[in-house]
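One structure is given here, and the rest of the page talks about it.
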Amino acid sequence: MAVDATTPTLAAQITNSPEDCKGLLVTEERFIFALQAGGNPRKIAWCDREDNTTWAPLATNEAGDIELQTNGEIMQAARMRGRTIIVTSTDAHIATYQGAPYVYGFERVGTACGAISRKGMVALEAGAFWMGKEAFFFFDGSVAKQLPSDVQDFVFGDINDNQRTKVWAVHNSEYAEIWWFYPSGNSTECDAYVSYDYGENHWEIGTLDRTCGSDQGVFDEPIWADASGILYEHELHGIGHGSYTPYAESAPISLGNGDTVMKVNQLIGDEGTVGEVQVQFKTRFHPNDTERVYPSATTYYDLTNMPTSVRFTGRQVRIRVEATGNEDWRVGTMRINAESGGRR
């Protein structure tokens, strides 16, 4: 029989399945969870094991449903090792398989930790991370907690709150990172990111247009897409960066509690590819002071010869390392020779 490849096959509703759902999840036990089943924002329904047409609970099957005891609406669910986590707009719950007659047991594991969007969570083997409306959260296997973040104020001050439902998260397992993409300023699409390295416990922020993606697995590298529908293969060991200039910039550093002025006269670099990066310093004498850039806003210190002589003063200092060209550069720990002194 000839098949017309240009004629699409239309999707059809699964027999007897609930309608008006906001999401589906296949649990580790091979049940389908229907989220917000029947249009009820707090209801979860599940079919019989490996039978997606049996949804009516009977003594002869393991289908069932439950209405979570929450004031919020179900936002997202994800499977972990042996459990399923469900995050609402206000709290978090864990579903654990128990067998007949109740099939699943549900337990609240966190309050005041609702998700910002329906795609803002990443689940790992033993835990989960998600972005909330004003903070980041994680489930450590026993309870949901706020995740301390050095960039929290910046991110939630930068996000376009009218477009927050577009926030999405992706796991970059090769480097033990969770990435969240969000629309910044007045943007209507995700054009900025914040990432958390849970292996080394540090945060990064930046600008990048990505609207969906998947971690490595079927493909050797992560595949992420931009708003125009172009797919990108990430984490390749190439040197093409398009129109972007790769850089790394630190948070402010200070001597002691920041009440002592630093007089810096030397930079001791730790560069693996000599001559392929350049450095700027940004200083302030107090948090609300005008930021000063050294050597200037448009020039950089050359690290070809190290140590490098520098000269500036400030109570808090940030360092920016930027590529000099389209190279596969890398740096280690940058150090400065700083002495305490007066403001002059």
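The number of Lys pairs in the chain with C-alpha atoms less than 26 Å apart, excluding pairs fewer than 8 positions apart on the same chain, is 16. Dipole check for the range 245-337: with +1 at the C-beta of Lys and Arg, -1 at the C-beta of Asp and Glu, and the Cα centre as origin, the magnitude is about 460 Debye.
You can think of it this way: the chain between E50 and V26 has 7.7 nm of extra reach, that is 0.36 nm per residue less the Cα-Cα gap. If only the Cβ of Lys and Arg carry +1 and only the Cβ of Asp and Glu carry -1, the dipole of the chain around its Cα centre is close to 1280 debye. Of the trypsin sites (Lys or Arg not before Pro) found in the range 140-232, none is in coil by DSSP with at most 13 other Cβ atoms within 10 Å of its Cβ.
Note on V218 and R330: the model spin-label points, each 7 Å out from Cα along the C-beta direction, lie 3.1 nm apart. Probe radius 1.4 Å, ligands and nucleic acids ignored: give me the carbon and sulfur share of the accessible area of the range 1-108 as a rounded percent. Reported share for carbon and sulfur atoms: 49 percent. Between A227 and D140, the simple label model (points 7 Å from Cα in the Cβ direction) yields a spacing of 3.8 nm. Accessible surface area normalised per residue over the chain is 55 Å², counting heavy atoms of protein chains with a 1.4 Å rolling probe.
Within the accessible surface of the range 199-344, defined with a 1.4 Å probe on protein heavy atoms only, the carbon and sulfur portion equals 46 percent.
Checking every one of the chymotrypsin sites (Phe, Trp or Tyr not before Pro) in the range 71-140 against DSSP loop status and a limit of 14 other Cβ atoms within 10 Å picks out Y102.
The values are calculated or read from the model by the stated rules, or taken from the named source; none is laboratory data. The structure presented is a predicted model; accordingly, all values stated were derived computationally and were not measured. Neighbour counts are summed over all protein chains in view; Cβ atoms, including those assigned to glycine, are modelled from backbone coordinates with ideal geometry. For accessibility, only protein heavy atoms count, side chains too; no ligands or nucleic acids. Shrake-Rupley method; radii C 1.70, N 1.55, O 1.52, S 1.80 Å.
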